[in-house]
């Protein structure tokens, strides 16, 4: 009997990705606060572009993404020639690992870093190296201490997922200066739009030839279902990444909707302002109920409970009332729940239920 083909080294070390739940058995009309989606959805301009795109489903998309790159460049003040687009920023991360890491190489990510860094490193045959954070914040000294002659890539999300914390620009600059020239520093700005005035690391790309910034349309733009992301780097780096990018990796629909979305910055401003207000309210309401969280710079809060048992009990209690949040034990935070900032009724409801749970436990004690 023939044996099954053997995968490349590292592939079988990848744990299957588990996305945030969307349903609860036996519960109708659930409120999903588990996947950091924009509760207000995409802008009207984006939905109108989506409807128009239906007329061109028989046409192949452009291979150069020129229209979308031009729009991104105009809005962010960047050179469109130095922008690459992909199926979510996840695909850009995959390109980076394919292009710059391989067998016997090492890829650094931080203790509570986004799981795709490890997955993409393993898929490229490289060794993922996890370094500690300091109180759930990226520790530049720990990263520099972990760099070896085998290090090829360092991944940092800023703001970070699932912690919501940020590392300061001065520290990032120090990291970029002290990293060896051959080490690529990836600044993942998936949540950058939630920080007013923050460029996600674009200025650092202009200063350092080994820095790459990635961004996404899945969060504040409300286009998670379409999977659109982009990256910005020096021209030589973009030329490398484009050599492994599939020519038709984005559809006409993705390109048209993303272009309309990025040009509607009034919607982005509204979503940022609403998120800032509701995030502050939710964090304060949870703190009043005995549930602390770090200052979040994203569209979620990382609620910290006494231990894993309490976190799981709260999660189950919320599910029984139709609220879905995210357990993050897989990120080394078993005593925490990541709660997406929803609309105002959702935020009030989740805070009320957690307070109800904490009160019922206190009464029982």
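Full extension of the chain segment joining residue 313 with residue 287 gains 7.6 nm, where the gain is 0.36 nm per residue of separation less the Cα-Cα distance. Exposure proxy shown here: for 19, 34, the number of other Cβ atoms within 10 Å sets the order, fewest to most, as 19, 34.
Between helix 252-263 and the chain there is an angle of about 70 degrees, using the helix long axis and the longest principal axis of the Cα atoms. Pairwise inverse Cα distances across region 131-217, averaged and inverted, put the Kirkwood hydrodynamic radius at 13.1 Å. Residue order for 281, 230, 267, fewest other beta carbons within 10 angstrom first, comes to 281, 267, 230. Listed from fewest to most Cβ neighbours within 10 Å, the set 112, 335 follows the order 335, 112. With each label modelled as a point 7 angstrom along the Cα→C-beta vector, the residue 269-residue 196 pair spans 1.0 nm. Quick one: helix 66-76 against the long Cα principal axis of the chain, what's the angle to the nearest 10°, folded into 0 to 90? Taking Cα atoms only, the helix is inclined about 60 degrees. Along its first, second and third principal axes, ordered by size, the chain spans 63, 60, 50 Å in Cα coordinates. Based on DSSP H segments of at least four residues, each scored -39500 (n - 2.57), the chain has a per-residue ellipticity at 222 nm of -12000 deg cm²/dmol. Roughly speaking, what % of Cα-Cα pairs in region 263-361 are separated by over 21 Å, rounded to a whole number? That tail contains 30 percent of the Cα-Cα pairs.
What number results when the radius of gyration of region 5-87, computed over Cα atoms, is divided by 2.2 N^0.38 Å?
1.65
Spacing of the modelled spin labels on residue 206 and residue 149, each 7 Å from Cα toward Cβ, amounts to 3.7 nm. Cα centroid separation, region 278-332 to region 2-45: 19 Å. The spacing between region 334-355 and region 224-251, judged by their C-alpha centroids, is 35 Å.
Between residue 141 and residue 55, how high is the FRET efficiency from 1/(1 + (r/R0)^6) when r is the Cβ-Cβ distance and R₀ = 51 Å? Nearest 0.05. Show your work: numbers first, answer last.
Working: r = 55 Å, r/R0 = 1.08.
Computed FRET efficiency for residue 141 and residue 55: 0.40.
With the simple spin-label model, which puts each label point 7 Å out from Cα in the Cβ direction, the residue 348 to residue 239 separation comes to 5.8 nm. Relative to the longest principal Cα axis of the chain, at what angle does helix 169-178 sit, 0 to 90 degrees, rounded to 10? Orientation of helix 169-178: about 40 degrees from the principal axis.
For region 337-354, the residues whose amide N sits under 19 Å from a probe point set 7 Å from the Cα of residue 276 along the beta carbon direction are 341-344.
Coordinate-derived values only; no laboratory data. On a predicted model such as this, the values are computed, not experimentally measured, just so you know. All Cβ positions, even for glycine, are placed from backbone atoms using ideal geometry, and neighbour counts span all protein chains on display.
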